[in-house]
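Notes to accompany the following structure.
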Amino acid sequence: MKKQMKERIGFVGVGRTGANMARRLKEVGWPVVAMYDTRADAARSLARELHAEACEKLARVTELSDIIVTVATDDKAMKSIFAGRKDNLLMGACGKVFINCATISPAMHVRVEKLAKRAGAETLEVCMASSITQAAKARST
C-alpha cells in the first residue's frame, strides 16, 4: 500500500523528463496537482492522465502547490518562469519550495535563489543527467 503524502506538487516543464518525474511521484503517493508547459497540449494531456490541473498561468501552479518542480531547458526559459513581468512562479510564493531541475548556468541558479528569497520562498538546485529512463524509474544510474 502506498503512503499518501500531504505536500502538493506542481510541475513546470512537462517534456519527457518532467512528465516521467511527475508520473513517478504520483505513483508512489505524492499528490501531483498542477502542471504548466509552454506547450499547453502537453500540460493538458499529462494533467488528464494524473488527475491534476493544467494551468494556463505560472502563478496558478504556485497557488495550487506547496512544492514546485521546474524542468527548464536554459537560462532564458528559467528567467521567464521566475521573472516574467505579467506572470511568474514567484507571484504568491511566500512559504513555497522550488526544486529546480533545470539545465541552466550557475549564475541563473544564484539569481533564482535571490529572487525566491525576496519572495519568501526557498529553492533547491538539483543536478540531473537528463535520462528519461531514470526519471521514470526513480533511479540515479
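The values are calculated or read from the model by the stated rules, or taken from the named source; none is laboratory data. What you are looking at is a predicted structure, and each value in this text was computed from that prediction instead of being measured. In this analysis, Cβ positions are derived from the backbone assuming ideal geometry, glycine residues included, and neighbour counts consider all displayed protein chains.
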Inside the range 22-39, can you point out the residues that are closer than 15 Å to ILE81 by Cβ and surrounded by fewer than 21 Cβ atoms within 10 Å (Cβ to Cβ)?
-> THR38, ARG39
What number of residues in the range 78-125 are under 17 Å from ASP66 (Cβ atoms) and β-branched (Val, Ile, Thr)?
-> 3
Could you please find all residues in the range 105-127 being loosely packed, with under 15 Cβ neighbours inside 10 Å and in a loop (DSSP other than H, G, I, E, B)?
-> SER105, GLY120, VAL126, CYS127
Return the only residue of ALA102, ALA136, ALA59, ALA72 being closer than 23 Å to ALA43 by Cβ, at pLDDT below 95 and not in a loop (DSSP other than H, G, I, E, B).
-> ALA136
